[in-house]
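This report refers to the structure that appears directly beneath it.
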Amino acid sequence: MSLGDKLLDLRKKAGLSQEDVADKLDVSRQTVSKWETDQTVPELIKVKLLSKLYNVSYDYLISGSNLNGDITSIEMIVDEIDWTGAWSKKYPILASYQGVQGIDTYCEKLSKLYDDCKNEFNFNDEDTVLVLKDILYKKFKFEKNKIK
């Protein structure tokens with residue numbers, strides 16, 4: 001996968017327009033377009049800023065790896081993303097909750113719940129996370145609908 005393809009893919013996944021990226025990097029929209037179509041290559045300092053913007057490693061952007069869009073390649077990209085950092089931009093609580101007094105108690109309770117769920121149902125780690133996430137999301141939706 002070319003640098004331009006990576007940049008286009010990451011921009012779309014981040015939900016940003018070329019104009020948004022241009023504003024954040026202090027370049028023109030046309031410059032972003034040229035990067036994404038491999039007409040030009042960004043300066044190294046801009047690549048560094050892009051890696052921070054998209055929460056991927058600098059190495060991922062500049063490496064010549066031949067990611068071809070299959071599911072394994074997508075998983076490699078997903079594993080490179082700092083999800084807490086990425087979502088903290090939209091939900092600032094994710095960047096600050098660790099400093100809330102007493103939060104450690106809930107971390108311990110959730111860790112125990114995780115272990116109990118994993119062991120009782122013989123789930124692997126990934127399945128345990130997905131099931132607990134789904135349960136929490138359903139609870140969130142239920143509470144949100146109660147308010148309406």
Checklist outcome for this item: The correct count of residues that are in a loop (DSSP other than H, G, I, E, B), touching an Asp or Glu at 6+ places or on another chain (Cβ under 9 Å) and either within 20 Å of Ser17 (Cβ to Cβ) or modelled with pLDDT of 85 or more (or both) in the range 39-57 is 2
Checklist entry - Is it true that some residue in the range 4-23 is in a loop (DSSP other than H, G, I, E, B), of a type in the set (A, V, I, L, M, F, W, C) and modelled with pLDDT under 90? => result no
Checklist entry - When the range 24-38 is examined, which residues are found to be assigned to a helix (DSSP H, G or I) and among the β-branched types (Val, Ile, Thr)? => result Thr31, Val32
Checklist entry - Are any residues in the range 62-92 farther than 15 Å from Ala14 by Cα, at pLDDT below 85 and of a type outside the set (Asp, Glu), and if so, which ones? => result Ile62, Ser63, Gly64, Ser65, Asn66, Leu67, Asn68, Gly69, Ile71, Thr72, Ser73, Met76
Item to check | Hits in the range 9-50 - residues which are surrounded by fewer than 17 Cβ atoms within 10 Å (Cβ to Cβ), in contact with a Leu (Cβ under 8 Å, 6 or more places away or on another chain) and acidic (Asp, Glu) | outcome: Asp38
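The values are calculated or read from the model by the stated rules, or taken from the named source; none is laboratory data. Since the structure is predicted, the reported quantities are computational estimates derived from the model, not experimental observations. Note that we place each Cβ from the backbone using ideal geometry, even for glycine, and neighbour counts take in every protein chain shown.
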